[in-house]
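J.: After the structure tokens below, expect a handful of questions from me.
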Amino acid sequence: MEKGISKAVIKRLPRYYRYLGELIDDGVERISSNELSERMQVTASQIRQDLNNFGGFGQQGYGYNVAHLYQEIGKILGLDKTYQMIIIGGGRLGQTLANYTKFEKRGFQVVAIFDVDPELVGKEVRGIEVHLMEELEDYLKTHKIDIATLTIPKAYAEETAMRLVEGGVKAIWNFAHTDLHLPEDVMVENVHLSESLMQLSYNIHWHETHKS
């Protein structure tokens, strides 16, 4: 992460990347901050401020070269690399993530799934084999894994995360409904689905109670 860049700016970068990708698909070669503002519902000044954190990329009177900006934001996000990823938990959510082919297009290669259920072991999800959790440590000794995704009950999340960390994994995408307490050099991205749904509930409630 760039030093001094706020978390709010970093959180907006994937959204810029997605919109720019859509512009490329639509055949758009260049765009002004005002035009991008209309599409993204973010002020033009906010867009310029965000991008100026990384050098600007725009030209006065020309705007932004869409393909170039898309490529540069991809580099900032680290998407010019390939990440080896495993999924811990072969249930419905784990299988759904394994089946999501767009991860690979972004450089996230799911290489294995682990589960405690012996009946799942040996099965494949889109060609990705399910292994028994007992095999995790041995697997990590012979494979360099960049990211581990947790889709397991929260009661097992902390212990499992520590096993991953001890095996050399430095980044965890956590879908378990709990906050992990791990060494500072381990990066954790928490995804609390119920919290997102509660935010939506709040917005519905606010809208209904503030109708004119």
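The values are calculated or read from the model by the stated rules, or taken from the named source; none is laboratory data. Quantities reported herein were computed from a predicted structural model and do not represent experimental measurements. As a convention, Cβ positions derive from the backbone with ideal geometry for all residues, glycine included, and neighbour counts pool all protein chains shown. Note: accessible area is taken over every heavy atom of the protein model, side chains too, but ligands, DNA and RNA are not part of it. Shrake-Rupley method; radii C 1.70, N 1.55, O 1.52, S 1.80 Å.
J.: Label region 46-114 by shape, choosing from rounded, prolate and oblate, from the square roots a ≥ b ≥ c of the eigenvalues of the Cα gyration tensor; if a/c is under 1.5 it is rounded, and otherwise prolate applies when a/b is larger than b/c, oblate when it is not. Walk me through the numbers on the way to the answer.
T.: Working: a/c = 3.46, a/b = 3.22, b/c = 1.07.
Here region 46-114 falls in the prolate category.
J.: Next question, about the same structure. DSSP loop trypsin sites (Lys or Arg not before Pro) in region 138-191 with at most 14 other Cβ atoms within 10 Å of their Cβ, which ones? Please list the in-between numbers first.
T.: Details: sites: LYS141, LYS144, LYS154, ARG163, LYS170; in loops: LYS144, LYS170.
Sparse-neighbourhood loop trypsin sites (Lys or Arg not before Pro): LYS144.
J.: Separate question: Please state the relative contact order of the chain as a whole percent: Cα pairs under 8 Å, 6+ residues apart?
T.: On the way: 259 pairs, mean separation 27.5, N = 212.
So the answer I get is 13 percent.
J.: So what is Rg over Rh here for region 1-125, counting just Cα atoms and using Kirkwood for Rh?
T.: Working: Rg = 18.5 Å, Rh = 16.7 Å.
On the Cα set of region 1-125, Rg over Rh gives 1.11.
J.: Round to a whole number: what % of the accessible area of the chain belongs to carbon and sulfur, probe 1.4 Å?
T.: 49 percent
J.: Which loop-located trypsin sites (Lys or Arg not before Pro) does region 1-54 contain, where loop means any DSSP state but H, G, I, E or B and the Cβ has at most 13 other Cβ atoms within 10 Å?
T.: Of the trypsin sites (Lys or Arg not before Pro), the ones in loops of region 1-54 whose Cβ has at most 13 other Cβ atoms within 10 Å are LYS3.
J.: Please compute, for the alpha-carbon atoms of region 70-169, the extent along each of the three principal axes and give them in descending order in Å.
T.: Here the Cα extents, ordered largest to smallest, are 44, 28, 26 Å.
J.: Quick one: which residues, 5 or more positions from VAL110 or on another chain, have an amide H under 5 Å from its amide H? H modelled 1.01 Å from N in the peptide plane, none for Pro or chain starts.
T.: Residues meeting the amide H criterion: MET85.
J.: Where nothing but the Cβ of Lys and Arg (+1) and of Asp and Glu (-1) is charged, how large is the charge dipole of the chain around its Cα centre, in debye to the nearest 20? Display every interim value, and only then the final one.
T.: Values: 23 positive and 30 negative charges, 166 e Å.
Result for the chain is approximately 800 debye, rounded to the nearest 20.
J.: Please list the radius of gyration and Dmax for the chain, considering alpha-carbon atoms only, with Å as the unit.
T.: 20.3, 63
J.: Can you pick out the pairs among LYS81/LYS154; LYS123/LYS144; LYS11/LYS81; LYS81/LYS170 whose Cα atoms lie more than 27 Å from each other?
T.: Details: LYS81/LYS154 31 Å; LYS123/LYS144 22 Å; LYS11/LYS81 19 Å; LYS81/LYS170 16 Å.
Beyond 27 Å between Cα atoms: LYS81/LYS154.
J.: Taking every pair of Cα atoms in region 159-212, average 1/r, invert it to obtain the Kirkwood radius, and report Rg/Rh to two decimals. Please report the intermediate quantities before stating the final value.
T.: On the way: Rg = 17.0 Å, Rh = 13.4 Å.
When Rh is taken as the Kirkwood radius, the ratio is 1.27.
J.: Mind checking the angle between helix 193-209 and the chain's longest principal axis? C-alpha axes, 0 to 90 degrees, to the nearest 10.
T.: With both axes taken from Cα atoms, the answer is about 40 degrees.
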